[in-house]
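S.K.: Dropping a structure here in C-alpha coordinates format, bear with me for questions.
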Amino acid sequence: MHAPPRPGALNRRIELADLSIADVAVDDDFVTLHIRSSKTDQEAEGEHTDIPADDDPLLDPVAAVWDWLAALHHLGIREGALFRALTSRGTLQNRVVAKERTDYVTGDAVNDWGRGRAHKAGAKNWQQITAHGLRRGGAQAIAEAGGDPTKQGRWKPGSAVVKREYLDRAQSRAENPWLRVQAKRREKQA
(Lines give C-alpha, C1' and ligand atoms only; values in the text may rest on other atoms or scores of the structure.)
Protein backbone atom coordinates (compact mmCIF):
# COMPACT_ATOMS: atom_id res chain seq x y z
CA MET A 1 0.00 0.00 0.00
CA HIS A 2 1.25 3.50 -0.80
CA ALA A 3 1.73 6.12 1.90
CA PRO A 4 -1.20 8.54 1.70
CA PRO A 5 0.37 11.97 2.34
CA ARG A 6 1.84 13.55 -0.81
CA PRO A 7 3.65 16.85 -1.29
CA GLY A 8 1.72 17.70 -4.49
CA ALA A 9 -1.03 19.54 -2.63
CA LEU A 10 1.44 21.67 -0.65
CA ASN A 11 -0.75 21.14 2.40
CA ARG A 12 -0.08 22.42 5.84
CA ARG A 13 0.06 19.42 8.14
CA ILE A 14 -3.14 20.39 9.97
CA GLU A 15 -4.94 20.62 6.62
CA LEU A 16 -4.04 16.97 6.02
CA ALA A 17 -4.98 15.96 9.56
CA ASP A 18 -8.39 17.64 9.20
CA LEU A 19 -9.34 16.01 5.88
CA SER A 20 -12.47 13.87 5.76
CA ILE A 21 -13.17 11.15 3.23
CA ALA A 22 -15.91 13.41 1.82
CA ASP A 23 -13.23 16.04 1.12
CA VAL A 24 -11.52 13.82 -1.46
CA ALA A 25 -12.47 13.18 -5.08
CA VAL A 26 -10.37 10.89 -7.27
CA ASP A 27 -10.47 10.24 -11.00
CA ASP A 28 -7.91 8.80 -13.43
CA ASP A 29 -6.05 12.09 -13.83
CA PHE A 30 -6.33 13.99 -10.54
CA VAL A 31 -6.91 13.86 -6.82
CA THR A 32 -8.97 16.84 -5.69
CA LEU A 33 -8.89 17.86 -2.06
CA HIS A 34 -11.45 20.20 -0.56
CA ILE A 35 -9.68 22.15 2.18
CA ARG A 36 -12.52 23.35 4.42
CA SER A 37 -10.47 26.03 6.16
CA SER A 38 -6.86 27.07 6.37
CA LYS A 39 -4.55 29.69 7.75
CA THR A 40 -5.46 31.96 4.82
CA ASP A 41 -9.16 30.99 4.89
CA GLN A 42 -10.21 31.74 8.45
CA GLU A 43 -13.83 32.26 7.34
CA ALA A 44 -13.87 28.62 6.17
CA GLU A 45 -15.11 29.37 2.68
CA GLY A 46 -13.10 26.37 1.51
CA GLU A 47 -10.79 25.84 -1.44
CA HIS A 48 -10.03 22.98 -3.80
CA THR A 49 -6.56 21.75 -4.62
CA ASP A 50 -5.94 19.47 -7.59
CA ILE A 51 -2.98 17.09 -7.65
CA PRO A 52 -2.19 15.52 -11.03
CA ALA A 53 -1.43 11.85 -11.56
CA ASP A 54 2.22 10.88 -11.95
CA ASP A 55 3.62 8.40 -14.49
CA ASP A 56 5.84 6.87 -11.80
CA PRO A 57 3.62 4.37 -9.95
CA LEU A 58 5.59 4.91 -6.73
CA LEU A 59 4.90 8.65 -6.82
CA ASP A 60 1.39 8.61 -8.26
CA PRO A 61 -1.01 10.35 -5.86
CA VAL A 62 -4.04 8.94 -7.71
CA ALA A 63 -2.93 5.34 -7.10
CA ALA A 64 -1.93 6.16 -3.50
CA VAL A 65 -5.32 7.65 -2.68
CA TRP A 66 -7.19 4.77 -4.36
CA ASP A 67 -5.07 2.33 -2.31
CA TRP A 68 -5.68 4.24 0.91
CA LEU A 69 -9.44 4.46 0.34
CA ALA A 70 -9.52 0.73 -0.44
CA ALA A 71 -7.68 0.02 2.84
CA LEU A 72 -10.18 2.14 4.76
CA HIS A 73 -13.11 0.45 3.02
CA HIS A 74 -11.61 -2.94 3.92
CA LEU A 75 -11.74 -1.77 7.56
CA GLY A 76 -15.39 -0.76 7.10
CA ILE A 77 -14.66 2.98 7.01
CA ARG A 78 -16.54 4.98 4.38
CA GLU A 79 -16.91 8.35 6.10
CA GLY A 80 -15.22 10.54 8.68
CA ALA A 81 -11.50 11.15 9.03
CA LEU A 82 -9.40 10.41 5.93
CA PHE A 83 -6.14 9.84 7.80
CA ARG A 84 -6.37 7.61 10.84
CA ALA A 85 -3.96 6.00 13.21
CA LEU A 86 -3.44 2.32 12.46
CA THR A 87 -1.59 -0.28 14.47
CA SER A 88 1.36 -2.12 12.93
CA ARG A 89 -1.10 -4.94 12.18
CA GLY A 90 -3.31 -2.61 10.13
CA THR A 91 -6.17 -2.29 12.59
CA LEU A 92 -7.61 0.99 13.78
CA GLN A 93 -5.81 2.42 16.76
CA ASN A 94 -8.08 3.59 19.55
CA ARG A 95 -7.20 7.22 20.24
CA VAL A 96 -8.63 9.05 23.20
CA VAL A 97 -8.21 12.81 23.42
CA ALA A 98 -9.67 14.71 26.38
CA LYS A 99 -11.63 11.59 27.39
CA GLU A 100 -13.26 11.43 23.94
CA ARG A 101 -12.52 9.00 21.14
CA THR A 102 -11.45 10.78 17.99
CA ASP A 103 -10.71 9.34 14.57
CA TYR A 104 -8.78 12.39 13.34
CA VAL A 105 -5.02 12.45 13.69
CA THR A 106 -2.97 15.47 14.74
CA GLY A 107 -0.60 17.62 12.74
CA ASP A 108 2.22 16.11 14.80
CA ALA A 109 1.18 12.64 13.59
CA VAL A 110 1.51 13.85 9.98
CA ASN A 111 5.06 15.02 10.77
CA ASP A 112 5.83 11.68 12.43
CA TRP A 113 4.61 9.79 9.35
CA GLY A 114 6.92 11.79 7.11
CA ARG A 115 9.88 11.15 9.39
CA GLY A 116 9.02 7.48 9.66
CA ARG A 117 8.87 7.06 5.88
CA ALA A 118 12.16 8.96 5.51
CA HIS A 119 13.78 6.70 8.11
CA LYS A 120 12.51 3.54 6.38
CA ALA A 121 13.83 4.88 3.08
CA GLY A 122 17.27 5.34 4.63
CA ALA A 123 17.32 9.12 4.29
CA LYS A 124 20.20 10.87 5.98
CA ASN A 125 19.08 13.31 8.67
CA TRP A 126 15.60 11.76 8.61
CA GLN A 127 14.97 13.33 12.04
CA GLN A 128 14.96 16.75 10.37
CA ILE A 129 12.26 15.86 7.83
CA THR A 130 9.01 17.77 8.38
CA ALA A 131 5.70 18.07 6.60
CA HIS A 132 6.54 21.74 6.20
CA GLY A 133 9.70 20.77 4.31
CA LEU A 134 7.53 18.99 1.74
CA ARG A 135 5.43 22.14 1.41
CA ARG A 136 8.50 24.33 1.00
CA GLY A 137 10.23 21.95 -1.42
CA GLY A 138 7.12 21.62 -3.54
CA ALA A 139 6.71 25.40 -3.72
CA GLN A 140 10.33 25.78 -4.78
CA ALA A 141 10.00 23.06 -7.43
CA ILE A 142 6.92 24.74 -8.90
CA ALA A 143 8.71 28.11 -8.97
CA GLU A 144 11.85 26.60 -10.54
CA ALA A 145 9.62 25.14 -13.29
CA GLY A 146 8.26 28.64 -13.96
CA GLY A 147 4.96 28.25 -12.10
CA ASP A 148 3.32 30.16 -9.28
CA PRO A 149 2.88 28.02 -6.15
CA THR A 150 0.58 30.42 -4.30
CA LYS A 151 -2.72 28.90 -5.46
CA GLN A 152 -1.55 25.30 -5.05
CA GLY A 153 -0.42 26.03 -1.50
CA ARG A 154 -3.38 28.25 -0.61
CA TRP A 155 -1.27 31.31 0.07
CA LYS A 156 -2.53 34.80 -0.63
CA PRO A 157 -1.72 35.80 -4.25
CA GLY A 158 1.55 37.75 -4.42
CA SER A 159 2.42 36.76 -0.86
CA ALA A 160 5.66 38.41 0.25
CA VAL A 161 6.15 35.55 2.73
CA VAL A 162 6.12 32.97 -0.07
CA LYS A 163 8.61 35.00 -2.06
CA ARG A 164 10.90 35.64 0.91
CA GLU A 165 10.64 32.34 2.78
CA TYR A 166 10.10 29.86 -0.05
CA LEU A 167 11.21 31.17 -3.42
CA ASP A 168 14.12 33.50 -2.72
CA ARG A 169 15.76 30.71 -0.78
CA ALA A 170 15.42 28.30 -3.68
CA GLN A 171 18.71 27.38 -5.26
CA SER A 172 19.52 27.89 -8.91
CA ARG A 173 17.96 25.39 -11.30
CA ALA A 174 21.17 23.38 -11.57
CA GLU A 175 21.35 23.06 -7.79
CA ASN A 176 17.66 22.39 -7.17
CA PRO A 177 17.33 19.58 -4.58
CA TRP A 178 14.55 17.91 -6.60
CA LEU A 179 17.05 17.36 -9.42
CA ARG A 180 19.33 15.54 -6.97
CA VAL A 181 16.44 13.37 -5.83
CA GLN A 182 15.60 12.50 -9.44
CA ALA A 183 19.26 11.75 -10.24
CA LYS A 184 19.53 9.41 -7.25
CA ARG A 185 16.32 7.68 -8.29
CA ARG A 186 17.71 7.15 -11.80
CA GLU A 187 20.97 5.80 -10.33
CA LYS A 188 19.09 3.25 -8.28
CA GLN A 189 17.04 2.18 -11.32
CA ALA A 190 20.17 1.69 -13.45
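S.K.: What angle do you read, to the nearest 10 degrees and between 0 and 90, between the alpha-carbon axis of helix 107-120 and the longest principal axis of the chain?
M.R.: Compared with the principal axis, the helix lies near 70 degrees.
S.K.: Further question on the same structure: As I understand it, the value is the acute angle between the Cα axis of helix 177-189 and the longest principal axis of the Cα atoms of the chain; what does it come to in degrees, rounded to 10?
M.R.: With both axes taken from Cα atoms, the answer is about 70 degrees.
S.K.: Further, regarding this structure: Given a Förster distance of 30 angstrom, what is the FRET efficiency for A121 paired with A71, based on the Cβ-Cβ distance and rounded to 0.05?
M.R.: Computed FRET efficiency for A121 and A71 comes out at 0.90.
S.K.: Any lysines with Cα under 22 Å of the K151 Cα? List them, leaving off those in the same chain fewer than 8 positions away.
M.R.: Of all the lysines, those that pass the test against K151 - Cα under 22 Å, at least 8 places apart if same chain - are K39, K163.
S.K.: DSSP loop (so not H, G, I, E, B), at most 10 other Cβ within 10 Å: list which trypsin sites (Lys or Arg not before Pro) in the range 55-160 pass both filters. Mind showing how you got there, number by number?
M.R.: Numbers: sites: R78, R84, R89, R95, K99, R101, R115, R117, K120, K124, R135, R136, K151, R154; in loops: R78, R84, R89, R95, K99, K124, K151, R154.
Qualifying residues, ordered by number: R78, R89, K99, K124.
S.K.: Another question, if that's okay. Roughly what would the spin-label model give for S20 and K156, points 7 Å off Cα along C-beta, in nm?
M.R.: Distance between label points: 2.9 nm.
S.K.: What is the helix-to-structure angle for 131-144, meaning the angle in degrees between its Cα long axis and the longest Cα principal axis of the chain, kept from 0 to 90 and rounded to the nearest 10?
M.R.: Tilt of helix 131-144: around 40 degrees.
S.K.: For the chain, report the accessible area per residue in Å² (1.4 Å probe, heavy atoms, rounded to an integer).
M.R.: Per-residue value: 63 Å².
S.K.: Could you pull out the longest piece of the chain with no exposed loop GluC sites (Glu not before Pro) in it, calling a site exposed if DSSP puts it outside H, G, I, E, B and it has at most 10 other Cβ atoms within 10 Å?
M.R.: With GluC sites (Glu not before Pro) excluded where exposed in loops, the chain gives 80-190 as its longest stretch.
The values are calculated or read from the model by the stated rules, or taken from the named source; none is laboratory data. Everything numeric in this text was worked out from a predicted model, so none of it was measured. Here Cβ is always computed from backbone atoms with ideal geometry, including for glycine, and neighbour counts include all displayed protein chains. For the accessible areas, the whole protein counts, side chains as well, though only heavy atoms, and no ligand, DNA or RNA atoms are used. Shrake-Rupley method; radii C 1.70, N 1.55, O 1.52, S 1.80 Å.
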